[in-house]
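The structure appears below as C-alpha cells.
The numbers here are math on the coordinates, done by the rules we state, and not lab data. Given the structure is predicted, the values throughout are model-derived calculations rather than measurements. For neighbour counting, all protein chains shown are included, and Cβ atoms are generated from backbone atoms with ideal geometry for every residue, glycine included.
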Amino acid sequence: MLALNETWYLVLAAMIFTIGAVGLLTRKNPLVMFMCVELMLNAVNLTFVTFSKALDDIAGQAIVFFVMVVAAAEVVVGLGIIVAIMRRRQGANADDISLMRG
Amino acid sequence: MNLIWLIPCLPLFGFLVLLVAGRKLGDPGAGWWGTGVVAASFLVVVKVFFDLLALPEEERSLTQTLFTWIPSGSFKVSIGFLADPLSILMCLFITGIGALIHLYSIGYMKGDEKFSKFFLYLNLFLASMLLLVLGDNLLLTFLGWEGVGTCSYLLISFWHTDPANASAGKKAFVTNRIGDFGFMLGTFLVWVTVGSINYADIGPAAPMIAAGTATAIALLFFLGAVGKSAQLPLSVWLPDAMAGPTPVSALIHAATMVTAGVYLIARLNPIMAQAGWANDVIAWTGAITALVAASIAIAQTDIKKVLAYSTVSQLGYMFLAVGTQNYVAGIFHMVTHAFFKALLFLGAGSVIMAMSHEQDMRKFGNLRKYLPVTFATFMIGWLAISGIPPLAGFWSKDEVLAGAFNAGPAGPVLWFIGLLVALMTAFYMTRVVIMTFFGSEKWRLTDDPHEAVESADVESEAVESEAVESVDLVGASVAAADHGGGHGGGHDDHHGLSPDHTPQESHWTMTAPLVILAGLSIFGGAINLPFGSDFKHLERWLEPTLAYEHELPPVPVLVLLAFAAIAVASLGIFLAYLVYSKHKIAAEKIERPVLAHAWYIDETYAKVAGGPGEAGFQGLADFDGTVVDGAVNGVGAGVLGIGNKLRPVQSGLVRSYALGISIGGALLLAFIVTRMNL
Amino acid sequence: MRVEMFTFLLTAAICLAGSAGVVLLRNPVHNALSLVATLFGVAVLFIQQGAYFLAAIQVIVYAGAIVILFLFVIMLLGVDKAEGLDRDPILGQRPAAIAAAVAILGLSLTALLSVGSRVTGQASTLAAIDGSEPNINALAKVLFTDYVFAFEITSVLLTVAVVGAVVLSRKAGPAIDAAEFPEGTTADLLQAKHDAAAVEQGVLEEVATEDETPEGEAETAEEALR
Amino acid sequence: MIARIVQDSPVQTLAAEAASGTPEIIWSAIAPNLILMLGGVLLLTVVSLLRGKSPSWFPAVWTVVTASLALIALFPLWARVQDEGAQTVMAGAVGLDGFSLFVTGIICLSVIMGALLLEGYVRREGLEGAEWYVLLLLSASGGVTMASANDLIVMFIGLEILSVAAYVLTAMHSKRISSQEAGLKYFVLGAFASAFLLYGIALTYGATGSTNLVRIQRFLSDTVITQNGLLLAGFAFMLVGFGFKIGAAPFHTWAPDVYQGAPSPVTAYMASGIKAAGFAGLLRVFVVTFGPTYGADWRPMVYALAVLSLLVGSFMAIVQTNVKRMLAYSSISHAGFILVAVEASSTQGTSAALFYLLAYTFMVTGSFAIVTIMGRTGDGTHALDDYRGLGRARPGLALIFTVFLLAQAGVPFTAGFLSKFYVINSVVAEGQYALAVIAMVSAVVAAFLYLRVVVAMYFSEDPAAELMESRIKVPVGASIALVIAVVGTLWLGIVPGAVTNVANDAVAQLVAFKS
C-alpha cells in the first residue's frame, strides 16, 4: 500500500476547492453559492494544515485560525446582503440579480 | 537680462487676462488687448534678435531654464527655452504676422457674439506656437505641438453651431492624433538612443546614432510632421479646416502651425543627416503632395479651398526642400510663403466680408472696382506665389527647385515635378484672380449656378452624413464637412447674396495688415538673394543651426533653371488668361481632364455629381474618403464594433462573471505550468 | 500506517461526498447538511495531522455557528424550496464551468504532483509542532507573538462585520430606480427568449404556415438581449 | 533593485523577539492606521451615545479630521524612515517604509474626499447615519494594513477588512435595487476571488515555508528551488486575487456593475482608495518579493493582464451610454496602465505606479464627485444624455469636469500626462517597446471616450431638458472635494517635481533584502 504523505491531503484539498468552484458557477441560489465559497476556504485550510505538518511549522495552523475568523465575517455580511435583497424580492436567485449589464 | 521667457509668456498672460476679464473688455477692447500682447511679444523677439546678432556667429545660442519640470532619475526635463537663429527667425514671423492677423481680426470679427473668446483662443494659440518653437527639448516642443493642435481644433469649430464646422474640427483632431503618435514614439526612441531629449544634447550625439535607428527616428518624426503639415496621406483635414474664421486660416492653417512640421525636421537636421533613405521619403512625399494638391486646387470653386490646397501644395515644396537636405531653402520658402499666403488669405477674407460671406468664386467678378486696396494687395500676393521676379515667392521657389535639381540621380525628376507644380500654381492663382476681380459681376445674374451646386450638395451630404454618423466617435450628431459650397466661414451663413448687393472695402484694421504683408511679399526675397554669399543673409544667419552641406548646381545651370521657372510661371498665367478671361478654351476641358487623367477618377462619377468644378471636388472627396477618411473612420468603426461585440460578454449575470474569473485563472495556471521544472 | 491510510480514505470519501452534496442536492437545507459533513471530515483530517485545537474550533465555529447561521437564514427567508437543476438557463454555463474547473484542477494537480512528495519550503520557520508543549500552547504562543498584529486587526474585521450586518438588516422602502432599467434583468430576457422559442416550436408543430408572430417575438427578445 | 537596505536584519530581530517572549510593539510606527481604526470605532461609540442628537454634518467632519490626523501622522514617520531607513515593526508583520507611507497618504486623501462627498449625498438621499463613515474609516484602515503588510496573512486580513466594509458600503443605498445588486455581485465575486488568493498564499507558504515577505524573499534568493510547481501555481492563484481587487481584465467583470450600482461617493472611494491598496499589495508581493528572483515567471502574466485591461477598458468604455459605467470601464483601462508599470518590475516602475495612483486619486475622485452631484436626488441621472448642454447650464461644473476628463485622457500639464509618461518611460527603460506602444495606442483610443463627454457637455444642440429645469445643488463638502481634486490634478501636472521626488524616495526606502 502507498504511504500516506502530504500529497494525498493536497490532492484532496484541490479537489474540494474545485468542487466548490464548480458549485459557485452552477448553482443559482446565492446561499448555496456561499456554501461553495466555504468549501473552497475549507480546502485552503486543509492545505495550510497539511503544509504545517509537512514543514513542521506551527504558522500554518495559526493562519487557519485567521481564515476561520475571516470566513465568519464574510458569512455574516454576505447573509446580510442576501436578506436585504430577499426582503425586496422573494425567492430571487443569482440570475435574477442582473439589472446592470453591457 | 534675458527676456526669452517673455516671448511665449506674454501671449499666455494675454490669454489669462482674457479668460478672466474677456467679457468685460468686450468688443473691440479684447481685440486690442490681444493684439497688444502679441505686438509686445514681437518687440521682445526683436530685442532678443539683436542680442543674438551682437554675439559672435558660433555662439549665437541663448538658453534660459525656468525650472525643472520632470525630475525622474536620469531623465530630467526642464521648462527651458532655446533662442538660436532658427527659433528666433520663426518667432519673428510668428509674432509679426500674428500681430498683424490679430489686428485684422478686430475688424473681421466685429460684432461676433464670441468676439473675446476668439482672441482668447488666438492668444493661447500663439503661446503654444512659441512654446513649440522655443522649447529647448522635444517634450516642450511636443507640448506646444499638442497645444497648437488643440487651439486649431477649437478655432476650426469656433462657430460650432454649424455642424460642418464641428465635424471639421473633429477631423483635424483625429488626423493630428495619428501624427502625434509618431512624434511620441520618436521622442521615446531619441530618449532611448541618445539618453536625453534636449536639442543641445541631440546635436553632438547625432553622428553616433546608427543609420537604422536614425532612419526610424526620422520617419517617426516625419509621421508627426505629415499630420501637422497636412501632407499626403494625412492632408485631408486642412481643406476642411477652412470652416474656421478666415484669420484663423491665415494664421494657423497657412503661416504658422502647418509649418511646424518643416520646423521640426529642420530642427532635427543632425539626425536627418544620418537618416539615409528617410530623406528620400520626405522629399518624394513633399513632391507628390505638392503635385496632387496643386492639381486639385485647379478645380475648386470655393476661394478658401483653393488657397487651402495651395497651402498643402506649398508645404509640399518645403518638404521637398528639407528632404533634399536643402534646409535653408525650406525655411526661406516657409518665411516668404507665410508672407504671401497670409496676404492672400486675408485678402480672401476681405472679399468674403465684402460679399456677405459668400465664398463661391463663380458668384464674384469685377471686384477690383469696389475693393481697390484688397485688389492691389491681392495682385501682389498672386504674383508672389506664381513665382514672378522680383517678388518674394520667386526667390525662395527658385532655391527649392535648384536644390532639388542637384539632389542625386532622382533630382531632375523632383525638379520637374516642382516645375509642373509651379505651372499649376500660376494657373490656379490666375484663375482665382480673374474669377474674383475681373469679368462680369456674376452675383447680379439672377440665374445663378449656385442652385445646382446646392442641390448636388444636399444630396451628397446626406449620403456622407450617414456614413460618418455611424462611426461618430465623439458622439456629436453632425454631418460631414466635405462639401463646402457656401457653408464654411460665415457668421450666420448668409446665403442671401442679393443681386443688388454693392461690395464695400473693409475697415482700416483689415486693410492695413494687407498693405504691410504686401510690402513683405514684394521685398521678402531680399533676405536671401542668390547673387553670391554677401546677399545670402538668411543662409549665413542660419549657418550655426543648420549643418548646411548642400551643393548648388553651377551658375549657368542655375540661371537656366531660373529662366525655366519664370517661363513656366508666365505660361501658367497666360494659359489661365486664355481659359478664364478670353474663353479660348472651355474651363471644363482643363478642370476635368486634369483631375480625371491625373487621378483616374471615374468620369461618369463626375457627370453624376454635377458641374465640372463640383466634380473635381467630388473626386477629391472620393480620393480622401477612400484612403484617409476610410482609414480613420474604419479604425473608429472597428473600435466601436469590437466594443459592441464584447458587450454581451458583460451579461450582468454574476455566475458568468465568476466563470470569467475561473477561465482567467485557468489560463494563468496553464501559462505557469509551461514555466515549471516538471 | 494502514489505520491512518484507512482513516484518511474514509474521511476523504466523506469530504468529497459532502462537497458533491453541496453542489448537487436540490434543497438548500440538504446542501447545508452536506456542508456539515465536509466540515466534520476536514476536522478529522486536522486531527490526523496534529492540529487538535483547529479541529475543535472547526467543529464549534464552522459546523456549530456558521452552518447554523446558514440554516437560520434559509428558514427566515423561506427559501428551503428545491432548485430546478435540470438545465442551466445560461447557455453553455454548465459545460464551460466544468471545463474551467477541470482545467484548474488538472493544472493545480500538475503543480502539486510535480514536487512529488516534497514541500520545498524552509522547515519550522517559526516554531516546530512536535515540541514538548501541547498544540494549543504552541499555537497561542505564535498568535500572541509573531501574529499579534494579525490577531489584533481581526477585531477590526469583526467590528466591520457587526456594523455591516446591523446596517444591512434595516428595513428599506420601495425601490426608486426600477425605471432606470426598462429592459429588466438578464434572467427575464433569457426567459423571454426561451418562452418565445417554445411558443415558436409549438406553433410550428401545430400550424406550419402561421409562424410569423412568434418569430417576431423571438427576434425582439433576442434584440433586447443584445 | 532596492536602494537602501534595512539596517538590522528583521529576521534576527524576529528571532530575538521570539526568544524574549512578547514582541516589542511600537505603537507610533502604525499611528496612521491606529488613528483610522480608533477614529472609526470612537465615531460609532460617540454617535450611539449621543442617540441621534448629533448634527448631520458631525460624522463627516469627524471622518475628515480623523483622516487628516492620519495624514499628518505620516510626516514624522516619513522623516524617521528617511533618517533611519526602512524597518519592520509589529514582530515583522508590518513594513514601515516610504512605500507604505505613500500609499497610506493616498488612502487618507481618498477617505477625506469620500467623506466630503458622502456628507451631501446621504442628506440628499435621506440615508443619514454614522455607519457610512464608520465603515469608510475601518475600510481605509484595512487598506492601510494591506499596503503596509509585510506578511501575506496580514495582507489578506487587511484586504478582507477593506473589502467586507466595501461590500456593505456598496449595498448601503437601501432605496436602490441596483445598489443591492452591486453589493451582492461584489460580495459573491469578491469572496470567490479571495478564496483564490488564499489558495495562492497557501501554496506559496508550502513552497517557501513562511508567509513573511522578507523571509520569503531571503529564502528565494538563498535557495534554488528545483521543483517550483507549488510556488508558480501560487503566483497564478494570487494574481487572480489581486487582479480582481484592482479590476484588471479578465477579472474585471464585477467593476462596471459595482461601480455603476454603488452609491457614487463610494464608487469614488473604490476607484481611488481600494485600487491603491490593491496595487500596493500587488507591488509588494510581486515586484518587491518575487521580482528579483522569479520575475521571468510572473511578468508575462502581468503583461497579459495589462494588455487585456488596456484594450477591454478602452474598447468597452467607448460604447457606454452611462457616464458612471463609462468611468468604470475607463478605470479598468487605468488599471491596465498601472499594470504596465508593475510589469516593468523595477524601482522606476514602482515609483511610476505610485505617482500614477496619487494622480489617479485626484482625477477619479474629482470625476466621481461630478457624477455624485449630477446624479441628483435618487443618484440615477448618469446617462450621457443627462450631461448634454452642461457647458451652458453650469459652465463651472462643466469646466471642472473637463479638466478631470482631459487629465484622464493624458493631456499635458495635467497629472494624467505625467503619470502616463512615467509609466511608459519605465517600461521603455526595461526594453518593453511593444508594451509601451500598446499602452500609447490604448491611450489614444481612450482619449475619444473622454472627448465624447466633453462634446456632449459643450457641443450639444439640444441640452437635456431636465438639466435646464432642475437646479443642481453643489453641497459644501462636494465643492471642497472638487477644489482639492482640481488643485491636485493641476499641481501634479505643472510642478510635479516634489511629488516625483517623494515617490522616488518612497521606493528607495522599502523593506527588502539584497540577495
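Amide H neighbours of residue B:650 under 5 Å, counting only residues 5+ apart in sequence or on other chains, H built in-plane at 1.01 Å?
When sequence neighbours closer than 5 places are left aside, the close amide H contacts are A:102.
What does the helix-only formula give at 222 nm for the protein assembly as shown: each DSSP H stretch with n ≥ 4 adding -39500 (n - 2.57), the total divided by the residues, and the result rounded to the nearest 500 deg cm²/dmol?
Here the helix-only value at 222 nm equals -23500 deg cm²/dmol.
As an exercise, use a Förster radius of 45 Å and the Cβ-Cβ distance of residue D:50 and residue D:498 to find the FRET efficiency, rounded to the nearest 0.05.
0.60
Does anything in the stretch B:326-363 have its amide N under 12 Å from the 7 Å Cα→Cβ label point of residue B:508, and if so which residues?
It comes to no residues whatsoever.
Taking the Cα centre as origin and putting +1 on Lys and Arg beta-carbons and -1 on Asp and Glu beta-carbons, what dipole magnitude results for the protein assembly as shown, to the nearest 20 debye?
The calculated dipole for the protein assembly as shown is roughly 2460 debye.
Would you grab the residues whose amide H sits under 5 Å from the one on residue D:88? Only those 5+ places off in sequence or on another chain, please, with H modelled 1.01 Å from N.
HN-HN under 5 Å from residue D:88: D:96.
Which of D:129, D:150, D:432 sits closest to the plus end of the dipole of chain D, meaning its Cα is farthest towards the positive end, when Lys and Arg get +1 and Asp and Glu get -1 on the C-beta?
D:129
What Kirkwood radius, in Å to one decimal, follows from the Cα pairs of the stretch D:225-334?
Evaluated over the stretch D:225-334, this radius sits at 14.6 Å.
Charges on Cβ only, +1 for Lys and Arg, -1 for Asp and Glu, centred on the Cα centroid of chain D; of D:25, D:302, D:399, which one is farthest towards the dipole's positive end?
Most positive-ward Cα: D:399.
Which order do the peptides D:494-505, B:320-331, B:133-144 come out in when sorted by mean C-beta neighbours inside 10 angstrom, highest first?
Result, highest mean first: B:320-331, B:133-144, D:494-505.
For the stretch C:24-111, what does the convex hull of the Cα positions come to per residue, in cubic angstrom?
Hull volume over Cα atoms, normalised by residue count, gives 112 Å³.
Build a GNM of chain C with springs between Cα atoms under 10 Å: which of C:21, C:164, C:50 gets the top mean-square fluctuation?
C:164
Between residue B:137 and residues 5 or more places away or on another chain, which pairs have amide H atoms under 5 Å apart, with H built 1.01 Å from N, and which residues are they?
The answer is B:199.
Can you bin every Cα-Cα distance in the stretch D:84-174 into 5 Å intervals starting at zero and give me the percent of pairs per bin, rounded to whole numbers?
Whole-percent P(r) values from 0 Å outward: 3, 14, 21, 21, 15, 11, 7, 5, 2, 1.
In debye, nearest 20: dipole of the stretch A:6-91 around its Cα centre with unit charges on the Cβ of K, R (+) and D, E (-)?
On the way: 6 positive and 5 negative charges, 146 e Å.
It works out to roughly 700 debye.
For residue B:363, which lysines qualify as cross-link partners when the Cα separation must be under 19 Å and same-chain residues fewer than eight apart are set aside?
B:304, B:305, B:442, B:582
What's the average, rounded to a whole number, of partner chain beta-carbon atoms within 10 Å of each residue's beta-carbon in D:149-160?
Partner-chain Cβ atoms within 10 Å, mean over residues of D:149-160: 6.
So which GluC sites (Glu not before Pro) in the stretch B:54-145 end up in coil per DSSP with only 11 or fewer other C-beta atoms within 10 Å?
Those that pass, being in a loop and sparsely packed, are B:113.
If I model a spin label at residue B:583 and residue C:80 as a point 7 Å from the Cα along the Cα→Cβ vector, what separation in nanometres do I get?
10.3
Give me the Debye-computed log₁₀ of I(q)/I(0) at q = 0.07, 0.08, 0.10 Å⁻¹ for chain D, equal point scatterers on Cα only, no solvent, two decimals.
Taking Cα atoms of chain D as identical point scatterers yields -0.34, -0.45, -0.71.
If you place +1 on the Cβ of every Lys and Arg, -1 on the Cβ of every Asp and Glu, and leave all else neutral, what size is the dipole of the stretch B:323-434 about its Cα centre, to the nearest 20 Debye?
The dipole magnitude comes to about 340 debye.
Which of the lysines could be linked to residue B:397 by a straight reach, that is with a Cα gap under 16 Å, when you skip same-chain ones fewer than 8 residues away?
By straight Cα distance, residue B:397 reaches B:341, B:536.
Compute the normalised compactness of the protein assembly as shown: alpha-carbon radius of gyration over 2.2 N^0.38 Å, N being the residue count.
Numbers: Rg = 36.2 Å, N = 1521, 2.2 N^0.38 = 35.6 Å.
The reported ratio for this selection is 1.02.
Which entries in the list B:117/D:473; D:324/D:473; B:47/B:114 go over 23 Å, if you measure between the two C-alpha atoms of each? Provide the component values of the computation, followed by the final result.
Details: B:117/D:473 28 Å; D:324/D:473 19 Å; B:47/B:114 34 Å.
Check vs 23 Å cut-off fails for B:117/D:473; B:47/B:114.
For the stretch A:5-88, taking Cα atoms only, what is the radius of gyration to one decimal and the Dmax to the nearest whole Å?
14.9, 51
Note down, for the stretch B:1-136, the three equivalent ellipsoid semi-axes (square root of 5 times each alpha carbon gyration tensor eigenvalue), biggest first, whole angstrom.
With the √(5λ) rule applied to the stretch B:1-136, the semi-axes are 30, 18, 10 Å.
If the viscosity is 0.890 mPa s and the temperature 25 °C, what Stokes-Einstein diffusion coefficient in µm²/s follows for the stretch B:262-387 when Rh is the Kirkwood radius over Cα pairs?
156
Once Rh is set to the Kirkwood radius over Cα pairs, what Stokes-Einstein translational diffusion coefficient, in µm²/s, holds for chain C at a temperature of 37 °C and a viscosity of 0.692 mPa s? Each step should come with its number before you reach the end.
Values: Rh = 23.6 Å.
Here the translational diffusion coefficient equals 139 µm²/s.
How do the peptides D:367-377, B:190-200 rank, highest first, by the average count of neighbouring beta carbon atoms within 10 Å per residue?
For the peptides D:367-377, B:190-200, the packing ranking is D:367-377, B:190-200.
Just order D:44-51, C:88-95 by mean Cβ neighbour count inside 10 Å, highest at the front, would you?
C:88-95, D:44-51
From other protein chains only, count the Cβ atoms within 10 Å of every residue's Cβ in C:68-75, then give the mean.
On the way: counts 0, 4, 7, 1, 1, 9, 4, 0.
Neighbouring Cβ atoms belonging to other protein chains average 3 per residue here.
Please find the FRET efficiency linking residue B:445 to residue B:571, where r is the Cβ-Cβ separation and R0 is fixed at 41 Å, and quote it to the nearest 0.05.
Calculated value: 0.85.
Using +1 at the C-beta of Lys and Arg and -1 at the C-beta of Asp and Glu, which of D:271, C:190, B:227 has the Cα lying farthest in the positive direction of the dipole of the protein assembly as shown?
D:271
Which FRET efficiency, nearest 0.05, do residue C:133 and residue C:68 yield, Cβ-Cβ r, R0 35 Å?
Values: r = 33 Å, r/R0 = 0.94.
Here the calculated transfer efficiency is 0.60.
Using a 10 Å cut-off on Cβ to Cβ distances, tally the other chain neighbours for every residue of D:491-497 and report the average as a whole number.
Across the residues of D:491-497, the mean count of other-chain Cβ atoms within 10 Å is 3.
Under a cut-off of 18 Å between alpha-carbon atoms, report the lysines in cross-link reach of residue D:245, not counting same-chain residues fewer than 8 places apart.
By straight Cα distance, residue D:245 reaches D:185, D:275.
Helix D:10-19 sits at what angle to the longest principal axis of chain D, using alpha carbons and giving 0 to 90 degrees rounded to 10?
Once rounded, one gets 70 degrees.
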